[in-house]
Amino acid sequence: MKVISGIFKGRKILFLKKGDIRPTKNIVKRSIFDSLNEWIIGKEVLDIFAGTGALGIEAISRGAKKVVFVESMREAVKVIRKNVENLQLKNVEIIKGDVGKVLKYLEDRKFDLVIADPPYEYSEKMLGKLLEKIGSEILKEEGIIVVEYSAKKKLPEIKGLKVYRSKKYGNTSITFLRKENEK
């Protein structure tokens with residue numbers, strides 16, 4: 001797996017070959033970050049269900065100011081640390097823990113972009129509640145949430161957030177959300 005664009009383009013990223021970890025396909029990564037284009041420059045990013053950190057690393061490569069990675073699997077956190085070390089990334093924070101519990105720790109911080117790539121078996125109801133909490137508590141007013149999830153599932157309506165873009169790639173869907181008061 002490699003970084004697909006930006007200052008780290010072509011650099012290798014370590015990944016886990018484990019059932020719970022599903023690397024984001026390059027076509028999906030490219031779609032997410034090409035959609036964000038130059039908007040991401042200087043932004044603060046929260047990468048939840050970070051896996052090996054590939055999406056957060058792509059954000060840094062494309063100009064994000066800071067990325068906070070949240071991952072609950074010990075092995076995945078080790079891989080994120082190794083990737084951060086190998087790329088000599090600055091302005092990153094890695095938090096090991098359950099996303100729901102970590103959000104309480106992050107309540108006093110605000111993020112421009114939240115990337116959520118939960119396991120495909122993560123329940124739609126739990127994801128909806130989690131995204132509602134993110135939208136109401138830690139997403140900046142002009143912020144964006146990008147969710148990658150199974151195309152077999154339907155993202156529930158989320159109080160306070162509206163879909164402004166959605167796309168399907170095989171068995172993967174990506175949806176971009178903003179606060180309802182945003183354009």
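A few points about this structure:
- Positions within the stretch 37-61 being surrounded by fewer than 20 Cβ atoms within 10 Å (Cβ to Cβ) and not β-branched (V, I, T), in sequence order: N37, E38, W39, G42, E44
- Of the residues making up the stretch 13-70, those that are small (G, A, S), more than 23 Å from I138 (Cβ to Cβ) and in contact (Cβ under 8 Å) with a residue 60 or more places away in the chain number 1.
- Complete set of residues in the stretch 79-108 that are touching a residue at least 60 places away in the same chain (Cβ under 8 Å) and either over 20 Å from I57 (Cβ atoms) or of a type in the set (A, V, I, L, M, F, W, C) (or both): V79, L87, L106
- Residues that are touching a helix residue (DSSP H, G or I) at 6+ places or on another chain (Cβ under 9 Å) and under 24 Å from K129 (Cα atoms) were ranked within the stretch 87-103; the one that is most open to solvent (accessible area, probe 1.4 Å) is K96.
This table checks each residue for (1) more than 19 Å from L55 (Cβ to Cβ); (2) touching a strand residue (DSSP E or B) at 6+ places or on another chain (Cβ under 9 Å); (3) surrounded by fewer than 19 Cβ atoms within 10 Å (Cβ to Cβ).
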site: Y122; (1), (2), (3): no, yes, yes
site: G128; (1), (2), (3): yes, no, yes
site: K140; (1), (2), (3): no, yes, yes
site: I144; (1), (2), (3): no, yes, no
site: K167; (1), (2), (3): no, yes, yes
site: N171; (1), (2), (3): no, yes, yes
site: R178; (1), (2), (3): no, yes, no
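- For the stretch 1-51, a tally of residues being under 24 Å from S72 (Cα atoms), under 15 Å from the mean Cα position of the chain (by Cα) and small (G, A, S) returns 2.
- Filtered by the rule that a residue be part of a loop (DSSP other than H, G, I, E, B) and either touching a residue at least 40 places away in the same chain (Cβ under 8 Å) or under 24 Å from I40 (Cα atoms) (or both), the stretch 132-154 gives a lone residue, I138.
- Filtered by the rule that a residue be in contact (Cβ under 8 Å) with a residue 40 or more places away in the chain and either of a type outside the set (S, T, Y) or closer than 23 Å to D108 by Cβ (or both), the stretch 155-169 gives R165, K167.
- Candidates V84, V67: the one that is farther than 22 Å from K167 by Cβ, in contact with a helix residue (DSSP H, G or I) (Cβ under 7 Å, 6 or more places away or on another chain) and aliphatic (A, V, I, L, M) is V67.
The values are calculated or read from the model by the stated rules, or taken from the named source; none is laboratory data. Keep in mind it's a predicted model, so treat the numbers as computed, not measured. Methodologically, a virtual Cβ is constructed for each residue, glycine included, from the backbone with ideal geometry; neighbour enumeration extends over all protein chains shown. What goes into the accessible areas is simple: the full protein's heavy atoms, side chains included, and nothing from ligands, DNA or RNA. Shrake-Rupley method; radii C 1.70, N 1.55, O 1.52, S 1.80 Å.
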